[in-house]
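Notes follow the structure.
Since every read-out is calculated from the coordinates, none of them should be taken as a lab result. Values in this document were obtained by computation on a predicted structure and should not be read as measured data. All Cβ positions, glycine included, derive from the backbone under ideal geometry; neighbour counts span all protein chains shown.
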Amino acid sequence: MVMKKSVKILLIMLILIGLASCASLQVASPPPTWPIPEGIKTVDVNGYHMAYQETGSGTPVVLIPGSLSDYRTWDTQVPDFSKGYRTFALSLRPYYPEKWNGIGDDFSVAQHAADVAAMIKKLNLGKVHLLGHSRGGSIAVTVASRYPEVIRTLILEEANLEPLMPETPEKQKRVAEGKVRGEAVRANLATGDREKAAREWLVSYGGAWEKVPERVQKILIENIGTATESGERGKFTCADIQKFNFPILLLNGGRGQKLYSDMNAAMRQCKPDIPAPVIVPNAGHSIHRENAPSFNKTVLDFANKH
């Protein structure tokens, strides 16, 4: 009698395990329809297969790229960082290797922050050194605000902290210009001319397409669909910043725009014990590309202390 009861319990457990397995299969998203480059991994987060490059071992460092960038933007960091850290260079949804056309409604700082946090948890990384550049900095701050349990340190490279800036005519102008740029890209993409869309987007920021290296041109073209976004940079507040209880490193380029220095100053007004930004010489907004040796040393020195 006891044996029959045990068999019955075992059968029930097997059925429950089978049902749970079926449920997990049902919620898993289908594989991506775009090719994944050799050596690049993907992880299913919130219904999207996010691509990433993983190298090295040790405490995890997670690198979040800025606008129109993907995991390839960190090529000059990965070799140095992976010598002492398990390094993850991310491609957010729907950046390369997907070639997005700008149509959809799941492109936002909040969505990207949720994806990054889900990736950290799904891969069981624990607390990570989280580094974000420009718009990636907005995402990193949002991750730190909403998912502080995954943060070991927060590293912000010329982070876009627009939500902390006061409501001024200048801010309203920046927001309006961002929307105009997005609409212009959308119109060019509708014609199928991705290169024209990328070229005109760059020119709208004062850049010269002919002076951009061919590799960077390629990356811009492949990610141009993401430039259709409105310029939204999250909804974090001073109250969120005040709750941060982990080490924070702020970086500005010696030739960077005053706007990003002002944004770092706004963050430090929220929490005065955040150390003053490290000014990296001979670099503008993209410090990690323009002065990789100084950038890498500064970040690694900071991470090694924490």
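Between the residues VAL212, LEU189, THR226, the greatest Cα displacement towards the positive end of the dipole of region 169-228, with unit charges on the Cβ of Lys, Arg, Asp and Glu, is found for THR226.
Over the Cα atoms of region 169-228, compute the convex hull volume and normalise it per residue, giving Å³.
Output value, Cα hull per residue: 71 Å³.
Loop sites by DSSP among the GluC sites (Glu not before Pro) of the chain, restricted to those with at most 13 other Cβ atoms within 10 angstrom, leave 168-306 as the longest stretch without any of them.
For region 89-98, backbone phi angles converted through the Karplus equation (6.51, -1.76, 1.60; θ = phi - 60°) give residue-by-residue couplings of 9, 9, 10, 6, 5, x, 6, 3, x, 6 Hz, Gly and Pro being listed as x.
Straight-distance candidates among the aspartates and glutamates for linking to LYS235, with alpha-carbon spacing under 13 Å and chain neighbours fewer than 8 residues away dropped: GLU162. Dividing the summed -39500 (n - 2.57) terms of all DSSP H runs of n ≥ 4 by the residue count of the chain sets its mean residue ellipticity at 222 nm at -14000 deg cm²/dmol. Cα centroids of region 112-169 and region 251-286: 16 Å apart.
Modelled spin-label separation between TYR205 and TRP34, with each label point placed 7 Å from Cα along the Cα-to-Cβ direction: 1.8 nm. Its relative contact order, with pairs defined as Cα atoms under 8 Å and 6+ residues apart, puts the chain at 18 percent. A DSSP coil position with no more than 16 other Cβ atoms inside 10 Å describes the following trypsin sites (Lys or Arg not before Pro) in region 60-169: LYS83, LYS99, LYS127. Relative to the longest principal Cα axis of the chain, at what angle does helix 135-146 sit, 0 to 90 degrees, rounded to 10? Around 50 degrees separate the two axes.
The label-point distance for ALA276 and GLU214, in a model that sets each label 7 Å from Cα toward Cβ, rounds to 4.5 nm. This ranking places SER145, SER204 by how few other beta-carbon atoms lie within 10 Å of each, fewest first, which gives SER204, SER145. Note on LYS297: lysines with a C-alpha under 29 Å away, same-chain residues under 8 apart excluded, are LYS41, LYS83, LYS121, LYS127, LYS211, LYS218, LYS243, LYS258, LYS271, LYS305.
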